[in-house]
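Presented below is the structure to which this report refers.
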Amino acid sequence: MNGILKMNPTNLDRDMTKRLLLCDDEIHILRAVEFKLAGAGYEVRCAQNGREAWESIGEQIPEMVITDLQMPEMNGFELIQKIRENPATSHLPIIMLTAKGLELDKQAVERCGLVTILTKPFSPRELLRLVDDTLGSATLPTAI
């Protein structure tokens, strides 16, 4: 998928669960983080590269994106650039995961408008705290 995302009803509907998109080419990281975030009440969709993530965003826009930097097909910076260039997704909060945290160009990172960068290895508990702090509680109170 390329170009501007078209909004469709599945892009706009929201239920009480907040949707996250998690993108990493390391399956053990995907599963560990997915387990932690889903256990806290988030709906988590996973992608193993930036291209899959962008396609997933086109199907249903999440409330937040968590992406690795180094991935095949489309890296994290390329994914973030597509997200920021699209009016339907430019507002999304993004957390970057990377093993290259100390090597990143600080100006490039600032231009991306990231919530933060977590350097691998990281604590899934710390990531959950960052997601909660950014989005608020995992789910809204249910009606009685």
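The values are calculated or read from the model by the stated rules, or taken from the named source; none is laboratory data. Keep in mind it's a predicted model, so treat the numbers as computed, not measured. With ideal geometry, Cβ positions are generated from the backbone for all residues, glycine too; neighbour counts draw on all protein chains shown.
Just to be sure before I move on: is LEU97 touching a Lys or Arg at 6+ places or on another chain (Cβ under 8 Å) and touching a residue at least 24 places away in the same chain (Cβ under 8 Å) in the structure I sent? Let's see the steps before the verdict.
Working: touching a Lys or Arg at 6+ places or on another chain (Cβ under 8 Å): yes; touching a residue at least 24 places away in the same chain (Cβ under 8 Å): yes.
When the stated conditions are applied, LEU97 passes them.
Being under 12 Å from the mean Cα position of the chain (by Cα), over 14 Å from GLY76 (Cβ atoms) and of a type in the set (A, V, I, L, M, F, W, C) is the filter here; which residues of segment 38-53 pass it?
Once the filter is applied, which keeps residues that are under 12 Å from the mean Cα position of the chain (by Cα), over 14 Å from GLY76 (Cβ atoms) and of a type in the set (A, V, I, L, M, F, W, C), segment 38-53 yields VAL44, CYS46.
Go through segment 116-135 and give me each residue that's surrounded by 14 or more Cβ atoms within 10 Å (Cβ to Cβ) and touching a residue at least 40 places away in the same chain (Cβ under 8 Å).
LYS120, PRO124, LEU127, LEU128, VAL131, ASP132, THR134, LEU135
Within the set of pairs 6+ apart or on separate chains, which have a first residue in segment 64-80 that is under 16 Å from ARG45 (Cβ atoms), a second that is at pLDDT 95 or above and in a loop (DSSP other than H, G, I, E, B), and C-beta atoms under 6 Å apart?
MET64/PRO93; VAL65/LEU92; ASP68/ASP24; MET71/ASP25; MET71/ASN49
Just wondering, is there one or more residues in segment 5-26 that are assigned to a loop (DSSP other than H, G, I, E, B), polar (S, T, N, Q) and modelled with pLDDT of 95 or more? Quick ask: steps written out before the conclusion?
Filtering segment 5-26 down to residues assigned to a loop (DSSP other than H, G, I, E, B) leaves 5-8, 13-16, 18, 24-26.
From what's left, polar (S, T, N, Q): 8.
Now restrict to residues that are modelled with pLDDT of 95 or more: none.
The answer is no, given that none of the residues of segment 5-26 is assigned to a loop (DSSP other than H, G, I, E, B), polar (S, T, N, Q) and modelled with pLDDT of 95 or more.
Got a sec? Which of GLY113, GLY58 is free of Cβ contacts under 8 Å to residues at least 60 places away in the same chain and at positive phi? Let's see the steps before the verdict.
Numbers: GLY58 fails: at positive phi.
So the residue among GLY113, GLY58 that is free of Cβ contacts under 8 Å to residues at least 60 places away in the same chain and at positive phi is GLY113.
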